[in-house]
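Just below is one structure, and these are the notes that go with it.
Derivation of every value follows stated rules applied to the coordinates shown; laboratory data play no part. All values derive from a computational prediction rather than experimental measurement. In this analysis, Cβ positions are derived from the backbone assuming ideal geometry, glycine residues included, and neighbour counts consider all displayed protein chains.
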Amino acid sequence: MRRSYIVLISLISVIFVLAYLTTYMGILGPISSDTRYLAKLFLALTYNPDTSTSLRYLTAMSPEAVTAIVWDYRGIDTFYETTVFFMAIVSALTIYRGITNIESKTQGSGLSIIVRVVTKLLIPMNIAIAVSIAVHGHLTPGGGFQAGAALAVISVLLAVVFSGYSFGKLGMGISKAVALRSMGLLGIATVTLLPLIYGIVAGVQTYLMQNYMKVDSPFTFPIYAWGQLISGTLIWLNLAEFLAVSFGFFVIFMLLSLREETVKKYLGVGDGH
């Protein structure tokens, strides 16, 4: 017990020392009370509806600066990050190959009826919040990945509260989750390549993942829909990422919730493996 207290105090001390050095001594760079020039540019240009100046070519038409940076100014980086996540899911499916939709074949008891009833009330709220985060990600803090992680909480609740075999009862098998996730990835690829396809057909200069017009490119995704700001590609990329992330996590949590003996049965391995 004494050793545990020593470890805890040492850990807290290290955290405070690092926080102090980082904040007040500037070991990660010079401390300035003024906003840095690059930050000023992002804050000023992420949403610039004024089309009378040359700066209109630099805007992402989104009041949410983080989303503009993630999906517009450095959209290619985010595209590759999504690809890494995609490959991680593919690796998990490769390990669990042969297991498709077996969740409904075995009944699980789950937790008490009180917990199950409360969870049934919470799940619709969880869905509403996740969808709201995805749809408004170009207007307020949030986005596709955050919304997908929020929706994926439902899969954990189902596995813990109703048992891992509740997915099959709800009609959400592994193959269906993979299909929905693939739809999200297809949506990201479509939004990414559409400007290039338009440029080839129309014979004009366009760029990969182009959102708004550039100096040498007139192509622009619709910025408004029914009088509402949708910020061109940003809302569609958030929604596609929402599908890809949420159901990617669904696949992982469904696989992890399977019983060990079930996995061994379908993978054809014994206790010696």
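What the table shows:
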| read-out | value |
| --- | --- |
| Acute angle (nearest 10 degrees) that the helix 144-161 long axis makes with the longest principal axis of the chain, alpha-carbon atoms | 10 |
| Ranked packing of 218-224, 259-265, most packed first, by mean Cβ within 10 Å | 218-224, 259-265 |
| Net charge, Ile235 excluded, C-beta distance under 13 Å - Lys, Arg +1, Asp, Glu -1 | -3 |
| For Trp236, Trp226, Trp71, order by how many other beta-carbon atoms lie within 10 Å, fewest first | Trp226, Trp236, Trp71 |
| Highest average packing first - 46-55, 247-256, 83-92, 125-134, Cβ atoms within 10 Å | 247-256, 125-134, 83-92, 46-55 |
| With Cα atoms, 0 to 90° folded angle of helix 174-202 axis to the chain main axis | 20 |
| Gained length - Leu111 relative to Val90, 0.36 nm times residue gap less alpha-carbon distance | 4.4 nm |
| Footprinting exposure proxy for Val17, Val156 (fewest neighbouring C-beta atoms within 10 Å first) | Val17, Val156 |
| Alpha-carbon Debye profile of the chain, log10 I(q)/I(0) at 0.11, 0.14, 0.15 Å⁻¹ | -0.84, -1.06, -1.11 |
| Helical mean residue ellipticity (222 nm; -39500 (n - 2.57) per DSSP H run of 4+; nearest 500) of the chain | -20000 deg cm²/dmol |
| Relative contact order (percent, whole number), the chain, Cα cutoff 8 Å, 6+ residue spacing | 22 |
| Highest-MSF residue in the chain out of Lys214, Lys40, Lys176 [GNM, Cα springs under 10 Å] | Lys40 |
| Where labels lie 7 Å past Cα in the beta-carbon direction, separation of Asp77 and Tyr20 in nm | 3.2 |
| Count of lysine pairs in the chain with Cα separation under 17 Å (8 or more residues apart, or interchain) | 5 |
